[in-house]
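Notes follow the structure.
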Amino acid sequence: MTTTPLPQRRLGATGPQVSALGLGLMGMSPLIYGDSDRAESVATIHAALESGVTLLDTGDFYGMGHNELLLNEALRTASPQARENAVISVKFGAQRGPDGSWVGFDARPAAVKTALAYTLQRLGTDHVDIYRPARLDPNVPVEETVGAIKELVDAGYVRHIGLSEVGADTIRRAAAVAPIADLQIEYALISRSVEREILPVTRELGIGITAYGVLSRGLLSGHMNRETKLAADDFRSHSPRFAGENFNRNLDLVDQLRKVAEAKGATVAQIAIAWVLARGEDIAPVIGARRRERLAESLGALDVSLDEADLAAIEAAVPAEAVAGERYAPDQMAMLDSEK
Ligand SMILES: NC(=O)c1ccc[n+]([C@@H]2O[C@H](COP(=O)([O-])OP(=O)(O)OC[C@H]3O[C@@H](n4cnc5c(N)ncnc54)[C@H](OP(=O)(O)O)[C@@H]3O)[C@@H](O)[C@H]2O)c1
């Protein structure tokens, strides 16, 4: 099957060119968003590649290796051209026990190299396109972590260095060690803290953004309602924005957004994605579609053009400060260097 070019964005001054929308694979593994279907997950990755999506985001701790093995299967069974075009972004550092519990973070240089060695085996590749610590390790200077990835770049095992959920000072320190392609960070209509200090610094330093949580993990997708019940093993059942009255208040915002979407002939999810796309050419949203149907809907956002009046209407419907609840539970918020 031939691939169709999608609009492209370059990740920073030194990073790779990628499709304007990427696919995030996290929800395709267990212990994240409840059950997922392996065959449909592989079919969704294939459909993404065949539609021209090139950026695929995973993490070694998503299902403790499960997500990388899934990607390996999808790449092995994809067309050679699609496989060739794929830009694979991998996060590392989060430590998990066999029951999936979160037991710490390790971004010491030796851990970086070991983690990559295992990742390459699981992916069945000889390099990773973008390699990034998922969080700042509070016990390891970022210079040491980035220095270790730079050694892996020099040895040909990694093409580009990325960061995730770190703040302005850490970005500057990291960029002083080696070129940084992109920062991965939550960015959505209701998650705009990145705009305060972080975006000005990434723009000054020529670092791109891969935005996640653009649909606020489904909250801004238009597919949830007051009757939606989340399984106990679904990460979102412990997330403040999905809890009790917060959930209802946030769905009130979605109801307002739906009116704007209907007037544009688009879906709620498409408007939420198009809004992030419109925040700058340096931003590539990574969408967590787990099914082909959701992927197709997300890709439709690339056909939605928003003028100033549309942007004002969207921001009036969903004022960022109106969101109820933080983006993570307190213990996970404490791990975000980006929120300090
Ligand atoms: N760096 C970090 O710290 C970090 C953190 C989290 C995620 N990420 C990356 O970012 C990716 C995306 O993040 P995310 O999953 O949190 O956020 P998301 O894209 O905001 O939300 C994805 C969820 O929304 C639901 N959804 C409903 N309609 C959809 C549609 N039209 N298209 C896509 N999804 C729709 C999906 O559930 P259904 O399938 O049930 O519809 C899915 O579970 C992850 O896969 C991961 O690669 C990075």
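Specify the residue that is farthest from P16 (Cα to Cα); the eligible residues are those in the stretch 102-133 that are buried (at least 22 other Cβ atoms within 10 Å of the Cβ) and in contact with a Lys or Arg (Cβ under 9 Å, 6 or more places away or on another chain). By that ranking, first place goes to A107. Of the conditions (1) part of a loop (DSSP other than H, G, I, E, B); (2) under 18 Å from S89 (Cβ atoms), L183 fails just one. Which one is it? Of everything listed in (1) part of a loop (DSSP other than H, G, I, E, B); (2) under 18 Å from S89 (Cβ atoms), L183 misses just condition (1). Look at (1) buried (at least 20 other Cβ atoms within 10 Å of the Cβ); (2) more than 9 Å from the ligand (Cβ to nearest atom); (3) of a type outside the set (D, E); (4) under 28 Å from H46 (Cα atoms) and you find that L295 fails only one, number (2). Looking across R258, R290, one residue alone is within 16 Å of the chain's Cα centre (by Cα), among the charged types (D, E, K, R), within 16 Å of the ligand (Cβ to nearest atom) and surrounded by 14 or more Cβ atoms within 10 Å (Cβ to Cβ). It is R290. Cβ-Cβ contacts under 9 Å between residues 6 or more apart (or on different chains), taken from a first residue in the stretch 210-224 that is at positive phi to a second residue that is near the ligand (Cβ under 6 Å from one of its atoms) and of a type in the set (S, T, Y), are listed as R217/Y33; G218/Y33. Select, from V304, V318, V323, the only residue that is within 30 Å of A47 (Cβ to Cβ), touching a residue at least 60 places away in the same chain (Cβ under 8 Å), crowded, with 18+ Cβ neighbours inside 10 Å and of a type in the set (A, V, I, L, M, F, W, C). Residue meeting the stated conditions: V318.
Reported count of residues in the stretch 186-195, each being assigned to a loop (DSSP other than H, G, I, E, B) and of a type outside the set (A, V, I, L, M, F, W, C), is 2.
When you scan the stretch 41-50, do you find a residue that is assigned to a loop (DSSP other than H, G, I, E, B), of a type outside the set (D, E, K, R), farther than 23 Å from I180 by Cα and within 11 Å of the ligand (Cβ to nearest atom), even just one? Checked against the condition, which is being assigned to a loop (DSSP other than H, G, I, E, B), of a type outside the set (D, E, K, R), farther than 23 Å from I180 by Cα and within 11 Å of the ligand (Cβ to nearest atom), the stretch 41-50 yields no hits at all.
Conditions tested, residue by residue: (1) at pLDDT below 95; (2) away from the ligand (no atom under 16 Å from the Cβ); (3) not in a strand (DSSP E or B).
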position	(1), (2), (3)
A107	no, no, yes
D126	no, yes, yes
L136	no, no, yes
R159	no, yes, no
D169	no, yes, yes
R172	no, yes, yes
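D99 meets each of the listed conditions (1) surrounded by fewer than 22 Cβ atoms within 10 Å (Cβ to Cβ); (2) of a type in the set (D, E, K, R); (3) farther than 22 Å from L215 by Cα; (4) at pLDDT 95 or above apart from (4). Check whether at least one residue in the stretch 10-30 is more than 15 Å from the ligand (Cβ to nearest atom) and surrounded by fewer than 16 Cβ atoms within 10 Å (Cβ to Cβ), and report yes or no. There is at least one residue in the stretch 10-30 that is more than 15 Å from the ligand (Cβ to nearest atom) and surrounded by fewer than 16 Cβ atoms within 10 Å (Cβ to Cβ).
Yes/no matrix, rows are residues, columns are (1) within 11 Å of the ligand (Cβ to nearest atom); (2) closer than 20 Å to M333 by Cα; (3) more than 16 Å from the chain's Cα centre (by Cα):
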residue: E195; (1), (2), (3): no, yes, yes
residue: L205; (1), (2), (3): no, no, yes
residue: A211; (1), (2), (3): yes, yes, no
residue: R217; (1), (2), (3): yes, yes, no
residue: N250; (1), (2), (3): no, yes, yes
residue: V254; (1), (2), (3): no, no, yes
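The values are calculated or read from the model by the stated rules, or taken from the named source; none is laboratory data. No experiment lies behind these values; they were computed from the predicted model shown. So basically every Cβ, Gly included, is an ideal-geometry build from the backbone, and we count neighbours across all protein chains shown.
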